[in-house]
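Structure, as C-alpha cells:
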Amino acid sequence: MSEINNLTIPEIVTIDEIKDEIVEVKTFYLSFDARKGGEAPKFTSGQFVMCTVFGAGEFAVSLPTCPENDRFHLTVRRVGKVTNALHELKPGDKIGIRGPFGNGFPFDEIKGKNVIYVAGGIGLIPLRSSIMRVMQNKDKFGRVLLFLGARTPQELMYADSIKEWKTAPGFETNITIDNPVPGWDGDVGFVHTLIKKKNIPIENTVAFVCGPPMMFNAVIKELTELGIGEENIISTLERHMKCGIGKCQHCAIGRTLVCTDGPVYTYRQIKTLGEQI
C-alpha cells in the first residue's frame, strides 16, 4: 500500500508481544495493521512517536528500535494514568501510533568518529536505537564505548542487549551500579566516575548522554573537563509533549519547540536555550 503520512490521526497497531524489562518497565512489540507485513513507517534513531491508549489518552515516547533489522517496539515506564493503562494491556490488544516526529540523532554526520554513550537508568531507552545502528555499521566508526549506570543490577535495562554488547567485537561496555551488593563483581559508583578511569578518546569524538538531571550534569562536567566540546555532546530534552507537531506549543523552550526542532540537541544548544536539565 502507499506510504501513510497522517500526523494527526493515529494508525492502529496490534500488540504482538510484551516483555518485562525491569520493575515498572515493559517493552511492547507492535505491528501496524494497515501496512504491508505490519511493518512500521520509516524513522531514524532519536525520533519519537505519540502513543494512544484508547479510553485513557496519549503520550510521547522515544523509539528504542533500530531502523535496521529490528522488530518495532516501544519501551515504556509506568508513571501515570496513560502508561498505567498501557501496562494493563495484553498481546492482541490495539493501540494507536502517530509519527515518527523530531529530528533524531546524527548518523551520517558522525561516521569516522569515536562514539561514546553514557546512560543512567532508563536513559538507555532513547540511546538504544543509536547504539544498535552504530554497532551494525561498526566499520564506519572509530572506538565505540558504552558507560551504563543503574542503582542495582536488577535495574539494568535490556539484559539481553547487554549480554550481546559485552561480547560484541569493537564495542567497549562499561557497567556500574551505585552501591556494592552481594554477587556483583563489576564497577561500583555513579556512572560519571567511570569516564576518567577508562582512557576514553577525546579527539574526533562525539558523546551521547541521557539520564536523570544529577547524572547528566555530572557526566557533562567530566566530558568537558577532559576536552570534549559542547557541540560534540548530544542529548534529548525529555519535555512533556502534547501534540507532536508544534501546534499546542506545550513543549516550547525559549525560541524552540522540542517536538519539531528537537528532541535531539547538542549541549551547546541546550545551554543557549537556558534549559535546566
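The values are calculated or read from the model by the stated rules, or taken from the named source; none is laboratory data. Quick caveat: nothing in here was measured; it's all calculated off a predicted structure. As a convention, Cβ positions derive from the backbone with ideal geometry for all residues, glycine included, and neighbour counts pool all protein chains shown.
A few comments on the model shown:
- Only residues that are of a type in the set (A, V, I, L, M, F, W, C) and closer than 14 Å to Asn137 by Cα were counted in the range 166-175, giving 2.
- Unmet requirement for Leu273, which otherwise passes all of (1) in contact with a strand residue (DSSP E or B) (Cβ under 7 Å, 6 or more places away or on another chain); (2) more than 22 Å from Pro106 (Cα to Cα): (2)
- Val118 fulfils the conditions (1) over 16 Å from Cys243 (Cα atoms); (2) in a loop (DSSP other than H, G, I, E, B); (3) under 17 Å from the mean Cα position of the chain (by Cα) except for a single criterion, (2).
- When the range 221-262 is filtered for residues that are out of contact with any Gly (no Cβ under 8 Å at 6 or more places or on another chain), of a type in the set (A, V, I, L, M, F, W, C) and without any contact (Cβ under 8 Å) to a residue 12 or more places away in the chain, the ones remaining, listed by number, are Cys248, Ala252.
- Residues of the range 65-97 that are at pLDDT 95 or above and over 25 Å from Ile22 (Cβ atoms): Lys94, Gly96.
- Matching strands (runs of 3 or more DSSP E) fully within the range 11-102 where at least 1 residues are surrounded by fewer than 20 Cβ atoms within 10 Å (Cβ to Cβ) and among the polar types (S, T, N, Q): 11-22, 25-32
- Candidate set from the range 59-90 (those that are in contact (Cβ under 8 Å) with a residue 60 or more places away in the chain and among the charged types (D, E, K, R)); member that is nearest to Lys42 (Cα to Cα): Glu68
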